[in-house]
1. Would you check if there is a residue in region 129-137 being at pLDDT 95 or above and surrounded by fewer than 20 Cβ atoms within 10 Å (Cβ to Cβ)?
2. What are the residue pairs meeting all of these: first residue in region 48-72, first residue on the phi > 0 side of the Ramachandran plot, second residue at pLDDT 90 or above and surrounded by 15 or more Cβ atoms within 10 Å (Cβ to Cβ), Cβ atoms under 7 Å, and 6 or more apart or on different chains?
3. Just to be sure I understand the filter: pairs with C-beta atoms under 8 Å, separated by 6 or more residues or on different chains, first member in region 205-234 and under 21 Å from Leu186 (Cα atoms) and of a type outside the set (D, E, K, R), second member open to solvent by 30 Å² or more (accessible area, probe 1.4 Å) and modelled with pLDDT under 95. Which pairs pass?
4. Kindly provide the set of residues from region 191-218 that are of a type in the set (Gly, Ala, Ser) and either open to solvent by less than 10 Å² (accessible area, probe 1.4 Å) or more than 21 Å from Cys93 (Cα to Cα) (or both), ordered by number.
5. Considering each residue of region 150-169, count those that are open to solvent by 30 Å² or more (accessible area, probe 1.4 Å) and assigned to a helix (DSSP H, G or I), and give that number.
6. Tell me, please, whether a residue that is closer than 20 Å to Tyr224 by Cβ, touching a helix residue (DSSP H, G or I) at 6+ places or on another chain (Cβ under 7 Å) and assigned to a helix (DSSP H, G or I) can be found in region 93-116.
7. Scan region 235-261 residue by residue and report those that are free of Cβ contacts under 8 Å to residues at least 60 places away in the same chain, assigned to a strand (DSSP E or B) and either over 16 Å from the mean Cα position of the chain (by Cα) or surrounded by fewer than 17 Cβ atoms within 10 Å (Cβ to Cβ) (or both).
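The values are calculated or read from the model by the stated rules, or taken from the named source; none is laboratory data. Values in this document were obtained by computation on a predicted structure and should not be read as measured data. Cβ coordinates were reconstructed from backbone atoms using ideal geometry, including for glycine residues, and neighbour counts include every protein chain displayed. Each accessible area value is taken on the protein alone, full model and side chains, heavy atoms only, with ligands, DNA and RNA left out. Shrake-Rupley method; radii C 1.70, N 1.55, O 1.52, S 1.80 Å.
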Amino acid sequence: MSFKFNFFDDNKENDNANDLKESYQKIVPKEASVTPYNPASINLLFSQWKEITVGSQTYNYLRDVDTSSMSDVVLRSDLVPDVYEGGFEVWECTIDLLNFLQNNKDEVETNSAVLDLGCGSGLLGIFAKQTSPQSTLHFQDFNKEVICNFTIKNYHKNCGHHSSHNVKFISGDWSSMSHILAKYDLILTAETLYSVESQKKVLKVLEDHLADEGVAYVASKRHYFGVGGGVVEFQNLVSKSGTLKCEVVWSCTTGLLRDILKVSKC
């Protein structure tokens with residue numbers, strides 16, 4: 001599985017990015033919103049699915065995602081900051097974190113409140129639901145289109161058979177949802193450290209919404225070249241925060257360098 005964020009490196013591409021921002025500005029969410037989970041309204045009859053097997057567990061996610069309302073953006077770029085945050089893709093670090101959690105299920109089984117931050121496909125939250133069915137589970141992604149057309153449908157396909165659905169689907173920018181988010185025993189996030197600005201927002205969410213005895217797992221590329229993001233920069237932010245601490249609990253040291261950080265309160 002390959003990975004790239006198309007960040008518009010030259011002047012022409014920067015003009016394209018600005019055009020995309022302007023054309024999509026009317027429907028970019030200004031404030032966070034919650035989309036209810038309504039199983040009766042979800043029709044998966046003609047949907048096509050991809051499968052990922054991690055350990056003994058198989059996960060399904062949509063192959064034929066409806067991106068029509070964002071097609072100009074999605075077809076031209078993997079990510080346009082403040083417009084589309086890459087939520088229709090399943091990136092490598094999500095799979096890294098799924099593998100890690102599969103081998104460390106005790107980190108999930110005892111948690112009563114879980115947040116899948118920057119959820120995209122929702123696979124991390126789906127793992128948490130299957131591992132700890134009675135937990136309160138919140139999914140969050142920047143784009144409501146991702147939540148409605150990808151996350152909720154993936155959740156329904158994998159978890160719709162559960163008898164209890166204490167679940168919430170939240171869309172909007174991380175800086176606009178403090179009043180909606182709760183305190184969480186477990187926060188899971190992957191590929192959210194791709195820029196300096198995104199790192200600051202992730203740090204703020206963890207500071208404000210990680211329970212005193214809670215744990216966050218942050219899976220990331222070690223470097224996102226050209227945009228200032230990555231594990232090392234985030235470790236420095238955490239160290240300077242005075243409220244959080246972190247340690248590397250898993251690394252891929254060949255090919256594309258990637259890490260998983262465990263973050264907790266000091």
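1. yes
2. Listed by first residue and then by second, the contacts come to Gly55/Gln102.
3. Val205/Trp174; His209/Ser178; Val215/Glu107; Tyr217/Glu107; Val231/His223
4. First pass over region 191-218, keeping only residues of a type in the set (Gly, Ala, Ser): 195, 198, 211, 214, 216.
Across region 191-218, the qualifying residues are Ser198, Ala211, Gly214, Ala216.
5. 3
6. Checked region 93-116: at least one residue is closer than 20 Å to Tyr224 by Cβ, touching a helix residue (DSSP H, G or I) at 6+ places or on another chain (Cβ under 7 Å) and assigned to a helix (DSSP H, G or I).
7. First pass over region 235-261, keeping only residues free of Cβ contacts under 8 Å to residues at least 60 places away in the same chain: 235-248, 251, 253-255, 257, 259, 261.
Now restrict to residues that are assigned to a strand (DSSP E or B): 244-248, 251, 259, 261.
Scanning region 235-261 gives Leu244, Lys245, Cys246, Glu247, Val248, Ser251.
A quick yes/no check of all residues on (1) in contact with a strand residue (DSSP E or B) (Cβ under 6 Å, 6 or more places away or on another chain); (2) under 13 Å from Ala216 (Cβ atoms):
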position: Tyr155; (1), (2): no, no
position: Phe169; (1), (2): yes, no
position: Ser175; (1), (2): no, no
position: Leu203; (1), (2): no, yes
